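Bear in mind that the values in this text are calculations on the coordinates, not laboratory data. This is a predicted model, so every value here is computed, not measured. Using ideal geometry, Cβ is built from the backbone for each residue, glycine included, and neighbour counts are taken over all protein chains shown.
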Amino acid sequence: MRTRIISGAVIFLALLFFIIIGGIPLQAAVGVLSVIGMFEFYRAVSKNITFSHYIGFAFAIVYVIFMDYIINESNIFNIFVSLFLVVLLCHMVIFHHKENITNTLVAFFGFFYACFLLSHIFLVREYTYGEFFVWLIFMTAFGCDTGAYFTGVFFGKHKLIPDLSPKKTIEGSIGGIVTATLICVIYGFCIEKYFVIENVNTIYLCLITGIVGSILSQIGDLAASAIKRHVGIKDYGNIIPGHGGILDRFDSVLLTAPVVYYVMIFSIKVL
């Protein structure tokens with residue numbers, strides 16, 4: 001327990017530092033986390049690292065370096081994804097005696113799962129008013145986790161999906177959604193009170209983020225459990241003492257980050 005608390009505190013402080021400073025340091029940090037997460041996923045599913053996975057790493061690095069440009073230019077993103085798939089398929093054909101479709105699919109999916117989704121932390125931070133709304137990613141994910149835990153402990157009676165997570169309950173799930181939403185809305189009121197955010201309905205943005213983000217946060221958590229159960233592992237890694245791997249710690253964040261990003265885009269452009 002002590003090790004878990006200490007490592008959790010270190011992660012929190014590092015996260016705080018990189019998000020506050022933003023820019024290239026945050027971009028580099030997201031890149032490192034993404035590559036480590038991809039490595040954990042590739043190793044878990046394929047059991048060993050193949051050349052297809054190295055192609056995935058290469059495209060991940062290129063994506064992280066130019067992600068702001070790639071994401072904001074839809075044609076460039078389409079070209080990037082198409083090129084990634086073509087290179088993987090060409091490699092599979094040329095080295096068909098060593099590679100197979102499973103490794104190719106794992107390399108392709110692992111990029112989106114561990115790199116593309118996580119990259120939205122940086123994209124949110126660098127977007128308009130991102131220095132305020134980036135915190136919603138973690139408020140939603142961790143607020144939902146905390147609320148679900150305590151609600152489940154005190155009121156949980158009906159199992160949610162016992163095959164994937166025996167301890168999770170329907171009551172806990174609802175409690176997590178309510179807790180995360182309340183935290184986000186309260187944060188929205190605080191932003192409106194102390195800062196000037198023009199042409200944005202901050203409360204609405206935080207409300208939608210809290211509801212949708214908390215639901216997807218739980219799906220992200222359960223999806224990670226489903227993957228680990230399928231491949232027969234308890235944790236993706238042990239890089240974080242007491243917590244497991246990068247994907248173990250950020251599994252719920254993987255889906256909340258894109259939610260905040262796309263809700264921001266819609267809200268800031270439309271409201």
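Rank the residues 128, 209, 102, 151 as a footprinting-exposure proxy: fewest other Cβ atoms within 10 Å of their Cβ go first.
Ranking 128, 209, 102, 151 by Cβ neighbours within 10 Å, fewest first, gives 102, 128, 151, 209.
Would you kindly compute the Cα radius of gyration of the stretch 156-215 and its largest Cα-Cα separation (Dmax), both in Å?
15.2, 47
Binned at 5 Å from 0, what are the whole-percent values of the Cα-Cα distance distribution for the stretch 114-271, short to long?
Distribution as computed: 2, 10, 17, 20, 19, 14, 9, 6, 2, 0, 0 percent.
For the stretch 214-226, in order, what is each residue's ³J(HN,Hα) by Karplus, 6.51 cos²θ - 1.76 cosθ + 1.60 with θ = phi - 60°, in whole Hz (x at glycine and Pro)?
Taking θ as phi minus 60°, the curve returns 5, 5, 5, 4, 5, 5, x, 5, 5, 5, 4, 5, 5 Hz for the stretch 214-226.
Averaging sequence separations of C-alpha pairs under 8 Å and six or more residues apart, then dividing by the length of the chain, give the relative contact order as a whole percent.
It rounds to 22 percent for the chain.
Could you work out the Kirkwood radius for the chain, taking every pair of different alpha carbons, averaging 1/r and inverting it, reported in Å?
Result for the chain, one decimal place: 19.5 Å.
Excluding the sites themselves, what is the longest stretch of the chain that contains no GluC sites (Glu not before Pro) in a DSSP loop with at most 13 other C-beta atoms within 10 Å?
The longest such stretch corresponds to 74-197.
Compute all pairwise cysteine Cβ distances in the chain, then list the cysteines with no distance under 4.7 Å to another cysteine.
90, 115, 144, 190
State the Cα centre-to-centre distance between the stretch 207-271 and the stretch 183-202 in whole Å.
24
Using a 10 Å cut-off around each Cβ, can you sort 267, 74 from fewest to most neighbouring Cβ atoms?
Ascending Cβ contact count within 10 Å gives the list 74, 267.
Using 0.36 nm per residue, how much length does the chain from residue 101 to residue 233 gain when fully extended, once their Cα-Cα distance is taken away?
So the extension gain works out to 45.3 nm.
Within the set 47/167; 98/234; 47/234; 47/159, which residue pairs have Cα atoms separated by over 25 Å? Present the calculation step by step, with values, prior to reporting the outcome.
Numbers: 47/167 28 Å; 98/234 29 Å; 47/234 14 Å; 47/159 32 Å.
The answer is 47/167; 98/234; 47/159.
At 25 °C and a viscosity of 0.890 mPa s, what translational diffusion coefficient does Stokes-Einstein give for the stretch 1-126, taking Rh as the Kirkwood radius over Cα pairs? Give it in µm²/s as a whole number.
Details: Rh = 15.6 Å.
Result for D is 157 µm²/s.
Residues with beta-carbon under 10 Å from that of residue 217, excluding residue 217: net charge, scoring Lys, Arg +1 and Asp, Glu -1?
Values: positive: none; negative: 145, 221, 251.
Summing Lys and Arg as +1 and Asp and Glu as -1 gives -3.
If you average the C-alpha positions of the stretch 86-114 and of the stretch 52-81 separately, how far apart do those two centres end up, in angstrom?
The stretch 86-114 and the stretch 52-81 have Cα centres separated by 16 Å.
Residue-wise, which Karplus ³J(HN,Hα) couplings in Hz belong to the stretch 19-35, taking 6.51 cos²θ - 1.76 cosθ + 1.60, θ = phi - 60°, and x for glycine or proline?
Those phi angles translate into 6, 5, 6, x, x, 4, x, 5, 4, 5, 4, 4, x, 5, 4, 5, 5 Hz.
So what's the back-of-envelope 222 nm ellipticity for the chain, counting only DSSP H runs of four-plus at -39500 (n - 2.57) apiece and dividing by all residues, rounded to 500? If you can, show how the numbers build up before the last one.
Numbers: 12 runs with 208 residues, N = 271.
Calculated at 222 nm, the ellipticity per residue is -26000 deg cm²/dmol.
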